[in-house]
Amino acid sequence: MDKVWMTSAARLQACRAMHNANPKCLFIAWFPESATMLKQAIPEGSVVLAEDVDLQKIQDRMVVFTEHYPLQKTEEQLFLRLNLKEVPVLSALDEPLFKFFGGERMQELMKQLGMGDNEILGHSMITSAIKNAQRKLAQRVFSEQKTNSQEKWFQLNFTA
């Protein structure tokens, strides 16, 4: 279940609002840089790196992913390990994953249609498009190098 904002700042603001509405939210980030930015907006203990999450940490919590991992297989493995079915994934059109697949064009189109930064895009077609983008990326990544940020991940792993 994908929810996409125009900007990362708007997504961060939405995370803060979600936490205020439900302090039991557990925000999971794939990259340390993302977790650090989120921890500046949300109290300690509410943000965890995907590599550090386990069943005990998610017990009685509302799990929310704050970004997609570029490779769908990695996401699926964690979802299986944690026995997660439908989990919200919050993204922004200015993230590297979207930049590589026309996020800037989508931002322009959404602005022309009158969409504000704090409005959410959410539809099964968006989720399908993200999964297709992840599959395309997987075909171009031959030897993955782990990094601290999504942007650095693309610099090191994505071959055009």
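The values are calculated or read from the model by the stated rules, or taken from the named source; none is laboratory data. As the structure is a prediction and not an experimental result, all values here were calculated from the model. Cβ: placed from backbone, ideal geometry, glycine included. Neighbour counts: every protein chain shown.
Among the residues of the range 130-143, what is the count of those that are in contact (Cβ under 8 Å) with a residue 24 or more places away in the chain and of a type in the set (Gly, Ala, Ser)?
Count: 2.
Cβ-Cβ under 8 Å, sequence separation 6+ or interchain: first residue in the range 110-125 and part of a helix (DSSP H, G or I), partner surrounded by 14 or more Cβ atoms within 10 Å (Cβ to Cβ) and at pLDDT below 80. Which pairs?
Taking only residues 6 or more apart or on different chains, not a single pair turns up.
Of the residues in the range 54-94, how many are acidic (Asp, Glu) and buried (at least 20 other Cβ atoms within 10 Å of the Cβ)?
Going through the range 54-94 one residue at a time, the tally reaches 2.
If the Cβ limit is 8 Å and pairs must be 6+ apart or interchain, which residue in the range 90-103 that is touching a residue at least 24 places away in the same chain (Cβ under 8 Å) and over 11 Å from residue 154 (Cα atoms) pairs with which residue that is among the β-branched types (Val, Ile, Thr) and assigned to a loop (DSSP other than H, G, I, E, B)?
90/66; 92/7; 93/7; 94/7
Exactly one condition in (1) at pLDDT 85 or above; (2) part of a loop (DSSP other than H, G, I, E, B); (3) touching a Phe, Trp or Tyr at 6+ places or on another chain (Cβ under 8 Å) is false for residue 143; which is it?
That leaves (3) as the condition not met.
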